[in-house]
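Have a look at the structure below, then the notes.
Read-outs throughout are calculated quantities, based only on the coordinates presented, and are distinct from any laboratory measurement. The structure presented is a predicted model; accordingly, all values stated were derived computationally and were not measured. In this analysis, Cβ positions are derived from the backbone assuming ideal geometry, glycine residues included, and neighbour counts consider all displayed protein chains.
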Amino acid sequence: MKVIIAVLMLCATAAQAQEKFPSRNVEVILPYAAGGGVDAMGRAFAREASRLTGQSWVVVNRDGGAGIVGFAALTKANPDGHTVVFSPASALTNAPFLNRSMPFRNDQIEPVCQVFENVFTITVRPDSPIKSMQELVARATAEPGKLSYGHAGAGSVPHMGVAAVEKALGIKFNGIPYRGDGPMLPQLMGGQLDFGAPAISSIGGKGMRVLAVLSDKRHPALPDVPALTDLGYPAVTPGLNGVYAPTGTPKAVLDQLQGICQKVLESDEFKKSAQTLQQTPVYLSGAQFKARIEKTYRTHAELVPELNLEKN
């Protein structure tokens, strides 16, 4: 009888804990500086999650190390769901191949849900003589390494994306790294670069000519621009952005976090915010998101050694 009572009390306690989540403010670690596109999407997500749950979701910027600092902080947090990260997955899929040592292991991070895909492009200035992706590939085939392009930094999502295209098609570009799209775009528009690989969210209203989107499907913001797969080229992985919790977070809490995530993405207010930022919510469950991250990690494990990148 005592055993039965103890079991019932445990079940009641678990149910009560589940009902109360979140029982206090949720800290949302944003591993990049305030003011960027990911920061804006993270804050839009936090606003809507606050409204839905009745608890404050407070964004805390912990930038540094291309996302590594923020994820390292997450691994030290109490695994109760009240501290999460909102970020691209690049600290898990790219950083391990670019750093001599990492302050955490990927198995210390539990993907909760994917929120959106940050899609990058192959873009030229308006007066560029290159009119199509096919023409770009033909020029690169004829003159390997001559065409210069700008990307958001060594090992970044666009750098990896273009490198995957080079590998698949057997061509070679002259990649030039920048500290993000901001400093790269003036060089592209000024003619110092033959093309660039900026994010869709970075080129709105700039009058650029987009030759292709680095994805397996067209983007709602650029419905007339072909995806790589439309042209018969292999698809590449866009920036995978979502929510993460520390490993060890109870399944009941992870399930509730995932449910909150899904409700946020379905809400009109979040959709409006995303549209303003030229982003499209793309929900994946925790299991689906984790599988996609692991697949991207394996792809980069094969790709990075060919890039001869100097490790930090």
Residue-wise HN-Hα coupling along the stretch 160-165, computed from phi with Karplus coefficients 6.51, -1.76, 1.60 (Hz; x: Gly, Pro): 5, x, 5, 4, 5, 5
Rounded to the nearest 5, what % of DSSP beta bridges with both residues in the stretch 121-237 are antiparallel? 45 percent
Karplus 3J(HN,Hα) series, Hz, for the stretch 182-194 with 6.51 cos²θ - 1.76 cosθ + 1.60 (x for Gly, Pro): x, x, 7, 4, x, 5, 5, 5, x, x, 6, 10, 6
How about the stretch 94-177: which trypsin sites (Lys or Arg not before Pro) there lie in a loop by DSSP and see at most 13 other Cβ atoms within 10 Å? R100, R105, K131, K146
Just to check I understand the Karplus step: with θ = phi - 60° and J = 6.51 cos²θ - 1.76 cosθ + 1.60, what whole-Hz values come out for the stretch 273-290, glycine and proline as x? 4, 5, 5, 4, 8, 6, 10, 10, x, 9, 7, 10, 5, x, 5, 5, 5, 4
Explain nothing, just the number: relative contact order of the chain, from Cα pairs under 8 Å at least 6 residues apart, as a whole percent. 26 percent
Going by alpha carbons, how many degrees (0 to 90, nearest 10) lie between the helix axis of 37-53 and the longest principal axis of the chain? 20 degrees
